[in-house]
Amino acid sequence: MILNGVDFETYFKNYPDDKGYFGPYGGAYISEELKAAMEEISTAYFTIAQSRQFIAELRRIRKEFQGRPTPVSHLERLSNKLGNVQLYVKREDLNHTGAHKLNHCMGEVLLAKYMGKKKVIAETGAGQHGVAMATAAAYFGMECDIYMGTEDIKKQAPNVARMKILGANVVEVTAGQATLKEAVDAAFAAYAKEYKDCIYCIGSVVGPHPFPMMVRDFQHVVGEEARAQFLDMTGHLPDAIVACVGGGSNAAGFFSGFLNDPVDIYGIEPLGRGTALGDHAASLQYGTEGVMHGFNSIMLKDENGDPAPVYSVASGLDYPSSGPEHAFLHTLGRVKYDVINDEDTIDAFYELARLEGIIPAIESAHAVAYGIKLAKKMGKGSVLINLSGRGDKDMDYIIEKYGIR
């Protein structure tokens, strides 16, 4: 497939380029000191991580520890309720720790181990990246600091407890809105002081090069598995695939398996309470080009051009920018980025639980909600949704805010 001059058959050989750019997006906008640290990580990734030993060890971990491959499930009852379109989900909720995050965390911490680092630093919003990083650190016997905003700590108490049980040091961030952006700010500040002995394991396809590339590559297993499994189940490819997008790690890995196929791809951002600035976190839908956290992408800005306040019912999606590869795919038109609001998301949360016995993460429920909406429009065909995580972490918050329907 060739689109706007980009050949998707050779896409992964060309993007990102040597400087970490996906077209105009990406790069490494950081201090000279941190540039040296990122170059060290990049060199290690292109040497150590391409070795037979590293690949064999990661495959063993995925099979024996993570429980991969995760299955694809047919949502038969939900499909029957909607009509003729058949809905399927890729079950990343069944990956160990309950979400896709462990896919890149085990890879990043394995890389840190090979580099001789003693400690890992990470940020988290919904807590799934924090839990996955704490799990990986425990598995490899490394120290672990997790930076998390006060507001997210309140919303995600079960995951905070899990991180602490796993031995991680959870560092509360009180600045600003005290959510994901501020957690990233604090983690970067800590990393600038400790980079010689530790590695900052970024939790999405964001940040300076090489992290958008590395995280996508570690998450590619999701799209690779899903494509093969769907073909095996049905004999054909899905008509459309759907994933939620905040920073965009689950979507980047999922989409990567289908970019060169005749499949419609949808990335779903959180519309939250509405279109007013501060009521949503739909950066690709309403943002403009800008630099934050060391990379150039499309971001939501305030009147001064700084990252704008954002909101989402899902702690893992309330980020004022998106991964540079998502900005590139949006500009190319290969992926259609759309939005879904809180109300439809919570409706889908309950619908999936009641009809299929699957309680999704609120983040994933955005994709489910859009899949339902898409199925009603299509009338026929099939939709494969990436169910990026399970909803255990959200139960207390959902019951407190919405009650049990």
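Give me the dipole magnitude in Debye, nearest 20, for the chain about the Cα centre, with unit charges on the beta carbon: positive for Lys and Arg, negative for Asp and Glu.
Here the chain has a charge dipole of around 1080 debye.
So how far apart, in nm, are the two label points at ASN4 and ASP18 if each is 7 Å from Cα heading toward Cβ?
About 2.6 nm, to one decimal.
Starting from the Cα gyration tensor of region 1-160, take the square roots of the eigenvalues, sort them a ≥ b ≥ c, and report rounded, prolate or oblate (rounded when a/c is under 1.5, otherwise prolate if a/b is larger than b/c, else oblate).
In terms of gyration-tensor shape, oblate.
When N counts the residues of region 4-73, how does its alpha-carbon radius of gyration compare numerically with 2.2 N^0.38 Å, as a ratio?
1.50
Roughly how many Å is it from the Cα centre of region 210-253 to that of region 282-304, as a whole number?
Distance between centres, Cα-based: 24 Å.
Rg and Dmax in Å for region 206-290, alpha carbons only: what are they?
14.9, 45
I want to check the label-to-label distance for THR150 and ALA192. Put each point 7 Å from Cα in the C-beta direction and report it in nm to one decimal.
Taking the simple label geometry, THR150 and ALA192 are separated by 2.3 nm.
Mind listing which trypsin sites (Lys or Arg not before Pro) in region 312-401 are in a DSSP loop and have 16 or fewer other Cβ atoms within 10 Å?
LYS380
Tell me, what ³J(HN,Hα) does each residue in region 348-364 have, in order and in whole Hz, if you take phi through Karplus 6.51 cos²θ - 1.76 cosθ + 1.60 with θ = phi - 60° and put x for Gly and Pro?
5, 3, 6, 4, 5, 5, 6, 8, 10, x, 10, 9, x, 4, 4, 4, 5
How big is the shadow of the Cα convex hull of region 49-110, averaged over all directions, in nm²?
One quarter of the hull surface, i.e. the mean projection, equals 5.2 nm².
Got the relative contact order for region 1-150 handy, in percent, Cα pairs under 8 Å and 6 or more residues apart?
14
Assuming R0 = 41 Å, what is the FRET efficiency of TYR29 and MET115, from their Cβ-Cβ distance, to the nearest 0.05?
After rounding, the FRET efficiency stands at 0.95.
Over region 60-101, what is the relative contact order in percent, taking alpha-carbon pairs closer than 8 angstrom and at least six residues apart?
Contact order relative to length: 37 percent.
Counting only GluC sites (Glu not before Pro) that are in a DSSP loop and have at most 11 other C-beta atoms within 10 Å, tell me the longest site-free stretch of the chain.
10-302
Please report, as a whole percent, how much of the solvent-accessible surface of the chain comes from carbon and sulfur atoms (probe radius 1.4 Å).
Solvent-exposed carbon and sulfur of the chain make up 49 percent of the total.
Around ALA28, which amide H atoms from residues at least 5 apart in sequence, or from another chain, sit under 5 Å from its own amide H, with H modelled in the peptide plane?
So ALA28 has HN proximity to HIS209.
Compute and list, largest first, the equivalent-ellipsoid semi-axes of region 177-320 from the alpha carbon gyration tensor, each √(5λ) rounded to a whole angstrom.
29, 21, 12
When a/c is below 1.5 the answer is rounded, else prolate if a/b is larger than b/c, else oblate, so apply that to region 290-340 with a ≥ b ≥ c taken from the square roots of the Cα gyration tensor eigenvalues.
Oblate.
Dividing the Cα convex hull volume of region 105-241 by residue count, how many Å³ per residue is that?
135
So what is the accessible area of the chain per residue, in Å², with the probe set to 1.4 Å?
Per-residue value: 37 Å².
Can you tell me the alpha carbon radius of gyration of region 164-223 divided by the globular rule-of-thumb value 2.2 N^0.38 Å?
Cα Rg divided by the expected 2.2 N^0.38 Å: 1.29.
Which Cα, out of VAL313, GLY223, LEU34, lies furthest along the positive dipole direction of the chain (beta carbon charges, K/R +1, D/E -1)?
Of the candidates, GLY223 comes out farthest on the positive side.
The values are calculated or read from the model by the stated rules, or taken from the named source; none is laboratory data. None of the values given here were measured: they were computed from a predicted structure. FYI the Cβ positions are ideal-geometry reconstructions off the backbone, even for glycines, and counts take in every protein chain you see. These accessible areas exclude ligands, DNA and RNA; they are computed on the full protein's heavy atoms, side chains included. Shrake-Rupley method; radii C 1.70, N 1.55, O 1.52, S 1.80 Å.
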